[in-house]
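See structure below.
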Amino acid sequence: MLFVEPRFFLFFAVVFAIYWVLKGNMARKILLLLASYGFYAAWDWRFLSLILISTIIDYCVARKIEATNEQSTRKHWLWLSLASNLGILGFFKYFNFFTDSAVELMTSLGMTVNYTTLSIVLPVGISFYTFQTLSYTIDVYRKNINAEKNILDVAVFVAFFPQLVAGPIVRAADFLPQLTKRREWREVAVKTCILLFLVGFIKKACVSDNIAYYVDLIFATPGQYSPFALAMGVCLYAIQIYCDFSGYTDMAIAVAGLLGFHLPKNFAAPYLARNLVDFWRRWHISLSTWLRDYLYIPLGGNRNGTIMRYRNLMLTMLLGGLWHGAAWTFVFWGFLHGAGLSFNHALKEKISSFKGFPSAVSITLTFAFVNLAWIYFRAPDFETALLLTGSLLTWSSEGAAQLPIFATLAFPFLGIIHILWQKYESFDKVIALKDTYFYLGIGIATAIALGLQPTGYKPFIYFQF
Amino acid sequence: MSKNRLTFFKNTCLTATGLLLTLTLLNILLVPFETEEDLGILSYKKATLLEKSNNYDAIFLGTSQTFRNIDPDSLTQSSSCKLSVYNAGVPGLVLEELNDFISVIEKSGAKNKIVIFTDPLPPRPDFNAVTNIRTQHYTTYTNFSDRYQNIWSLPAPFWKKTALSGFSMGAYVYEFLGIGTLSKILFPELNAAPDVYLPGLDRDNGYPDLEADIKNSPEIAARASRFKAISDKWADTVLEKQKSIKEPSENMVASSEKRAFLIKNLAAKIEAQGNIPALIVFPEPPTHREDLALASAVKKIAPGLSVINGYDETVAQDLWNENLWFDETHLNMEGAAIFSKNIAPQICEIRTAKESDK
């Protein structure tokens, strides 16, 4: 069930109506839990058991950790949580990847290996809720938060349907307190939520899903296209993935908002970043801060000298790449970003400030680097990625085909709209409109957005992670 | 009403007004941009009929049962009157699609053809069926009455017909929303060539190749393997059931009368074109009783209409063998060859009767 499908609107209308009719907080939480499980079951009911297992384990582990002050016992319980959660994630997401890689390595060393690949289906959203639930036990272990006594609250925190399958990755410290108090309708920023949902819908359904077709063509047969078409294709992918993922996040935040919950911001105009460090402060913020707090800093962060800092950065980004997908292309994407970030930090140390650097140039350079890395994120294999990279760097290609003019124009057109939308803080200006104009406008924009939504719903890109 | 609720109501009305006005405007403005959509097998068979109807003596129109159970070559070879036959069956055929096929035959200028049709299916009560390209193509204001006639003539409980009507209304709402209309104009696909799988339809007689279908279509393969799992007990169960069904009850016949009227109207339409209508009732174990009730009701309401009854001893006697079926309601290619051979005499009789009428 996708946020852009009519059946989601029906589902949400029913949940929304019942939720606000119910008076008691407990009844509302039960409704949210049932709705969340129903929402997930619409994907694949079999994997609900994994969510339940994660919930029960982390609820119990957190309580056990809190119940003792003995550091070694606390650590043992934490390890149980880490092993079970990462064990489930590892099995479902990485088993075949590591088996295949090991077999390939052994074969290349001249060893003969007989093995069978298991047919494992990847449960949707597993990477997201695993990280979310892990942060809960780690925070309890670190004594940043108290263990939740009510298992219902933990269950809602793990399975809350607006962000269950593709984030934002919510911290228990931010979400659990919101469950203790009954949400009030008067506190809901209705106009903000409605506009945010519509903006997210337009990004996903009208932009990302329409340009996906041309991106697929470029990445399927890059050898047929001219260097200009390839460059446009890669730029269109940058737009596609941004609109797809940030569109999902906008809708998730809006849906949660309409139920009275606050979810953290996940994007802040990432393609206007002036350098790579800045980019990671703007792109998938909930993941980058998760990786910072639960991986980079525990590894030592920047506390043990420059070399260790670069090592930690690289390890964090490699694992971040692997988090996205079980393929070496994702690992290489992480490597590129790790290298880029290290270079960025090194440069910053040599040149005390970037202030003298024109922002347009630094934004363009950062965008170009991010795009180059996206090739490895999107390409089905290294061969395709290297072909694309080579064609773009040497500006040569065997093919001469061009993308149609409207697809080519889509990149500058959408880029200009994005810059203007940010520059003039248009979101806030629309919110400030009189109610009559605002709601009429929402109706009109919705009708146009429906027309622009292609038939045949495409899953969100990040659902596969 | 509290102030909050009043505001909520007012804002909802404002949004709905903006939405409805814009949708209406778009529906009007985008009419010139509408293009003929490719509906896969349905479009393929319509095009064939338009071009070649005159090449055939008998044309079968109907659902997946026609599609899978009528083997034109076997029928031609076994018919004493040497009929040339086209299988225009399409899986999931509903009333408005059947009417469309009848219109295509008329447009092709074919006369004196035997047009053998089945009882069309009701619309499918699921969300994907409501929004799919075929349903949407036929969700027009001119088809509104056909769609509801199809539902309300069913011998089914009131709640079921109400639910089906709800789904059908959903299809109209979806159509009105105009999802994808602007996208198709602004972002057309580069290679417009349809990528439609036509299972073995290269033989010019409209009959599919089941083996190719099982190989290429996961859904068909799954159905075949599901049937295989129960097939050892299937024939016994069916024969046991047969024994208990002698004649449909009067109540069942009466409840099928509305449906029989619908079939009578379809037959009248075919007759008005100068063609010879006939209804075919396929043997289908799960709906055996209902099928017989419909056949009886048609005899009562439209006594002049020829009915090829698949449950007749002469037709069905060799068929209750699990090796002749690929699922519970469709014959496999071997079964279809036998069934087609068995009905050939009845079709020749229809033709002979018509010729002697002249």
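Taking the conditions exactly as written (farther than 29 Å from B:P122 by Cβ, within 14 Å of chain A (Cβ to nearest Cβ), open to solvent by 50 Å² or more (accessible area, probe 1.4 Å) and free of Cβ contacts under 8 Å to residues at least 40 places away in the same chain), does B:L25 satisfy them or not?
Values: farther than 29 Å from B:P122 by Cβ: yes; within 14 Å of chain A (Cβ to nearest Cβ): yes; open to solvent by 50 Å² or more (accessible area, probe 1.4 Å): yes; free of Cβ contacts under 8 Å to residues at least 40 places away in the same chain: yes.
Answer is yes for this residue.
Taking the stated definitions as given, is B:L39 at pLDDT 90 or above and aliphatic (A, V, I, L, M)? Spell out the reasoning first.
Numbers: at pLDDT 90 or above: no; aliphatic (A, V, I, L, M): yes.
Answer is no for this residue.
Take the stretch B:138-174 and flag every residue that is within 14 Å of chain A (Cβ to nearest Cβ), out of contact with any Ser or Thr (no Cβ under 8 Å at 6 or more places or on another chain) and in contact (Cβ under 8 Å) with a residue 12 or more places away in the chain.
To start, the set of residues in the stretch B:138-174 that are within 14 Å of chain A (Cβ to nearest Cβ) comprises B:139, B:166-167, B:169-174.
Filter once more, so that each one left must be out of contact with any Ser or Thr (no Cβ under 8 Å at 6 or more places or on another chain): B:139, B:166-167, B:169-170, B:173.
Passing the criteria: B:T139, B:F167, B:G170.
Take residues that are of a type in the set (S, T, Y) and tell me which of the helices (runs of 4 or more DSSP H) falling wholly in the stretch A:1-94 contain 3 or more.
On the way: elements: A:6-21, A:25-44, A:48-67, A:71-89.
Passing ranges, in order: A:25-44, A:48-67, A:71-89.
Whether any residue in the stretch B:52-65 is touching a Pro at 6+ places or on another chain (Cβ under 6 Å) and surrounded by 13 or more Cβ atoms within 10 Å (Cβ to Cβ) is what I want to check.
Step one: of the stretch B:52-65, the residues touching a Pro at 6+ places or on another chain (Cβ under 6 Å) are B:64.
Retained after the next criterion (residues that are surrounded by 13 or more Cβ atoms within 10 Å (Cβ to Cβ)): B:64.
Yes, the stretch B:52-65 contains a residue that is touching a Pro at 6+ places or on another chain (Cβ under 6 Å) and surrounded by 13 or more Cβ atoms within 10 Å (Cβ to Cβ).
Quick check: is even one residue across the stretch B:175-196 loosely packed, with under 13 Cβ neighbours inside 10 Å, at pLDDT 90 or above and either within 12 Å of chain A (Cβ to nearest Cβ) or closer than 25 Å to B:L294 by Cβ (or both)?
No, there is no match, as no residue in the stretch B:175-196 is loosely packed, with under 13 Cβ neighbours inside 10 Å, at pLDDT 90 or above and either within 12 Å of chain A (Cβ to nearest Cβ) or closer than 25 Å to B:L294 by Cβ (or both).
Applying the selection to the stretch A:276-330, what residues are among the basic types (K, R) and part of a helix (DSSP H, G or I)?
Within the stretch A:276-330, the subset among the basic types (K, R) is A:281-282, A:292, A:303, A:309, A:311.
Listed by number, the residues that qualify are A:R281, A:R282, A:R292, A:R309, A:R311.
How many residues does the stretch A:67-99 hold that are farther than 28 Å from A:Y37 by Cα and open to solvent by 50 Å² or more (accessible area, probe 1.4 Å)?
Initial filter on the stretch A:67-99 (farther than 28 Å from A:Y37 by Cα): A:67-76, A:97-99.
When the remaining residues are screened for being open to solvent by 50 Å² or more (accessible area, probe 1.4 Å), the result is A:67, A:69-72, A:75-76, A:98.
Looking only at that region, the number is 8.
List every residue pair whose Cβ atoms sit under 8 Å apart, with the two residues 6 or more apart in sequence or on different chains, where the first one lies in the stretch A:399-410 and is touching a residue at least 40 places away in the same chain (Cβ under 8 Å) and more than 12 Å from chain B (Cβ to nearest Cβ) and the second, anywhere, is open to solvent by less than 20 Å² (accessible area, probe 1.4 Å) and part of a strand (DSSP E or B).
A:G399/A:Y225; A:A400/A:Y225
If we keep just the residues of the stretch B:301-335 that are out of contact with any helix residue (DSSP H, G or I) (no Cβ under 7 Å at 6 or more places or on another chain) and outside any helix (DSSP H, G or I), which is surrounded by the most Cβ atoms within 10 Å (Cβ to Cβ)?
Per the stated criteria, the residue is B:D312.
Please verify whether A:G451 is touching a helix residue (DSSP H, G or I) at 6+ places or on another chain (Cβ under 8 Å), open to solvent by less than 40 Å² (accessible area, probe 1.4 Å) and within 11 Å of chain B (Cβ to nearest Cβ), treating the condition exactly as stated.
Values: touching a helix residue (DSSP H, G or I) at 6+ places or on another chain (Cβ under 8 Å): yes; open to solvent by less than 40 Å² (accessible area, probe 1.4 Å): yes; within 11 Å of chain B (Cβ to nearest Cβ): yes.
Yes: the conditions hold for A:G451.
Among the residues of the stretch A:298-329 satisfying the criterion of being farther than 17 Å from A:Y94 by Cα, among the polar types (S, T, N, Q) and touching a Phe, Trp or Tyr at 6+ places or on another chain (Cβ under 8 Å), which is modelled with the lowest pLDDT?
Checked the stretch A:298-329; the qualifying residue modelled with the lowest pLDDT is A:N312.
Listed residues A:G260, A:G247, A:G200; which is touching a residue at least 40 places away in the same chain (Cβ under 8 Å) and either on the phi > 0 side of the Ramachandran plot or open to solvent by 20 Å² or more (accessible area, probe 1.4 Å) (or both)?
Working: A:G247 fails: either on the phi > 0 side of the Ramachandran plot or open to solvent by 20 Å² or more (accessible area, probe 1.4 Å) (or both); A:G200 fails: either on the phi > 0 side of the Ramachandran plot or open to solvent by 20 Å² or more (accessible area, probe 1.4 Å) (or both).
Result of the check over A:G260, A:G247, A:G200: A:G260.
What is the residue count in the stretch A:284-331 for residues that are crowded, with 19+ Cβ neighbours inside 10 Å and over 20 Å from A:T130 (Cα atoms)?
4
Against the definition (open to solvent by less than 10 Å² (accessible area, probe 1.4 Å) and assigned by TED's automatic domain parsing to the domain that holds B:G310), how does B:L95 come out, yes or no? If you could, list the steps in order and put the result at the bottom.
Working: open to solvent by less than 10 Å² (accessible area, probe 1.4 Å): yes; assigned by TED's automatic domain parsing to the domain that holds B:G310: yes.
Taking the combined requirement at face value, the residue satisfies it.
I need the helices (runs of 4 or more DSSP H) fully contained in the stretch A:369-445, keeping only those with at least 2 residues that are buried (at least 17 other Cβ atoms within 10 Å of the Cβ). Talk me through it step by step, then tell me what you get.
Working: elements: A:382-394, A:405-423, A:426-431.
Once the helices (runs of 4 or more DSSP H) in the stretch A:369-445 are filtered for at least 2 residues that are buried (at least 17 other Cβ atoms within 10 Å of the Cβ), what remains is A:382-394, A:405-423.
Just wondering, is there one or more residues in the stretch A:28-50 that are of a type in the set (S, T, N, Q) and open to solvent by 70 Å² or more (accessible area, probe 1.4 Å)? It would help to see each step written out before you state the result.
Taking the stretch A:28-50 as the starting set, the residues that turn out to be of a type in the set (S, T, N, Q) are A:36, A:49.
Subset that is open to solvent by 70 Å² or more (accessible area, probe 1.4 Å): none.
The answer is no, given that none of the residues of the stretch A:28-50 is of a type in the set (S, T, N, Q) and open to solvent by 70 Å² or more (accessible area, probe 1.4 Å).
So which of B:T12, B:T35, B:T17 ends up being under 19 Å from A:T455 (Cα atoms) and loosely packed, with under 15 Cβ neighbours inside 10 Å? Break it down into steps so the answer makes sense when it comes.
Details: B:T12 fails: under 19 Å from A:T455 (Cα atoms); B:T17 fails: under 19 Å from A:T455 (Cα atoms).
Residue meeting the stated conditions: B:T35.
For a quick check of your reading: which helices (runs of 4 or more DSSP H) sit entirely within the stretch B:205-300 and have at least 1 residues that are open to solvent by 20 Å² or more (accessible area, probe 1.4 Å) and at positive phi? Please lay out each step first, then the result.
Details: elements: B:210-216, B:218-244, B:250-255, B:257-272.
It comes to none.
State the number of residues belonging to the stretch B:66-79 that are open to solvent by 10 Å² or more (accessible area, probe 1.4 Å) and farther than 14 Å from B:I114 by Cα. Talk me through it step by step, then tell me what you get.
Applying the first criterion (open to solvent by 10 Å² or more (accessible area, probe 1.4 Å)) to the stretch B:66-79 yields B:68, B:71, B:73-74, B:76-78.
When the remaining residues are screened for being farther than 14 Å from B:I114 by Cα, the result is B:68, B:71, B:73-74, B:77-78.
Qualifying residue count, the stretch B:66-79: 6.
Evaluate the following for A:W20: is it surrounded by 15 or more Cβ atoms within 10 Å (Cβ to Cβ), outside the structural domain of A:D139 (by TED's automatic domain parsing) and touching a residue at least 24 places away in the same chain (Cβ under 8 Å)?
yes
Checking the conditions here, which among A:S101, A:S127, A:S108 is under 29 Å from A:T180 (Cα atoms) and either among the hydroxyl-bearing types (S, T, Y) or in the same structural domain as A:S286 (by TED's automatic domain parsing) (or both)? Can you show your working first?
Working: A:S101 fails: under 29 Å from A:T180 (Cα atoms); A:S108 fails: under 29 Å from A:T180 (Cα atoms).
Of A:S101, A:S127, A:S108, the one residue that is under 29 Å from A:T180 (Cα atoms) and either among the hydroxyl-bearing types (S, T, Y) or in the same structural domain as A:S286 (by TED's automatic domain parsing) (or both) is A:S127.
Assuming A:A42 fulfils every condition listed in (1) at pLDDT below 90; (2) of a type in the set (A, V, I, L, M); (3) touching a Ser or Thr at 6+ places or on another chain (Cβ under 7 Å) apart from one, which condition is it?
Evaluating A:A42 over (1) at pLDDT below 90; (2) of a type in the set (A, V, I, L, M); (3) touching a Ser or Thr at 6+ places or on another chain (Cβ under 7 Å) leaves (3) as the failure.
Answer yes or no: is there a residue in the stretch B:123-133 that is away from chain A (no Cβ under 14 Å) and buried (at least 20 other Cβ atoms within 10 Å of the Cβ).
We begin by selecting, within the stretch B:123-133, every residue away from chain A (no Cβ under 14 Å); these are B:123-124.
Right, trim to buried (at least 20 other Cβ atoms within 10 Å of the Cβ) and you get B:123.
Scanning the stretch B:123-133, I find at least one residue that is away from chain A (no Cβ under 14 Å) and buried (at least 20 other Cβ atoms within 10 Å of the Cβ), so the answer is yes.
The values are calculated or read from the model by the stated rules, or taken from the named source; none is laboratory data. Quantities reported herein were computed from a predicted structural model and do not represent experimental measurements. No Cβ is skipped: glycine too gets one built from the backbone with ideal geometry, and neighbour counts run over all protein chains shown. These accessible areas exclude ligands, DNA and RNA; they are computed on the full protein's heavy atoms, side chains included. Shrake-Rupley method; radii C 1.70, N 1.55, O 1.52, S 1.80 Å.
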